[in-house]
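In what follows, a single structure is set out as structure tokens and then discussed.
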Amino acid sequence: MTKENNFSTEKSIEINSTPEILWEVLTNPEKIKLFMFGSEIVTSWKPGSPVTFTRVTHGQQWQDKGKILKCMPGELLKFSYWSSQEGYEDIPQNYSIITYTLIKQNPEAIKLTYRRENIPIRFELKNQEKHLPELLEKIKKLAEQF
């Protein structure tokens, strides 16, 4: 299957937390499991290292993967991402780029922006946009209750 287009989506949320706590939520495998649909993540968070997300959905196991592109604790996390669930080929042009950006708004709040670029197919874009608000709300809840 070839790529339909270069779709992207972006959404931000304000979180009453510190960059350190929010970063812990975004990079701790036990916390990630709570907002990434039960995914088990394996990575070293070092640029160039692989990242895998393994989960079971409706009785079937899926393993998504990518590579850490940039990791600046408390500021920015960027990685490539290929979804095993959507049925397109595991080839370089089918990897999207996910970026989490943390910007301190004031002493009590962080603006977290999630951006996903190069989404290979329209169906995955629609699925991403459907679940993104819930994902961000879960991150917010975890960081504010930390």
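Quick note: the coordinates plus some simple rules give every number you see, no bench work behind them. The model shown is predicted, which means the values in this text are computed figures rather than measured ones. Using ideal geometry, Cβ is built from the backbone for each residue, glycine included, and neighbour counts are taken over all protein chains shown.
If I take R0 = 30 Å and measure r between the Cβ atoms of Glu75 and Lys126 in this structure, what FRET efficiency does the formula 1/(1 + (r/R0)^6) give, to the nearest 0.05?
With a Förster radius of 30 Å, E is 0.50.
Calculated FRET efficiency, Glu89 and Thr9, Cβ-Cβ r, R0 22 Å, to nearest 0.05?
Details: r = 22 Å, r/R0 = 0.98.
After rounding to 0.05, the efficiency reads 0.55.
Can you tell me the dipole magnitude for the chain around its Cα centre, using point charges on the Cβ only (Lys, Arg +1; Asp, Glu -1), in Debye to the nearest 20?
Dipole about the Cα centre, nearest 20: 120 debye.
Using only DSSP helix segments of four residues or longer, with each worth -39500 (n - 2.57), what per-residue ellipticity at 222 nm results for the chain after dividing by its residue count and rounding to 500?
That comes out to -8500 deg cm²/dmol.
For a Förster distance of 35 Å, can you work out the FRET efficiency between the beta-carbons of Val42 and Ala109, rounded to the nearest 0.05? Could the numbers behind the result be given before it?
Working: r = 31 Å, r/R0 = 0.90.
Once the sixth-power term is evaluated, E becomes 0.65.
Would you please name the GluC sites (Glu not before Pro) within the range 64-146 that are DSSP coil residues with at most 12 other C-beta atoms within 10 Å of their C-beta?
Within the range 64-146, the qualifying GluC sites (Glu not before Pro) (loop, at most 12 other Cβ atoms within 10 Å) are Glu89, Glu108.
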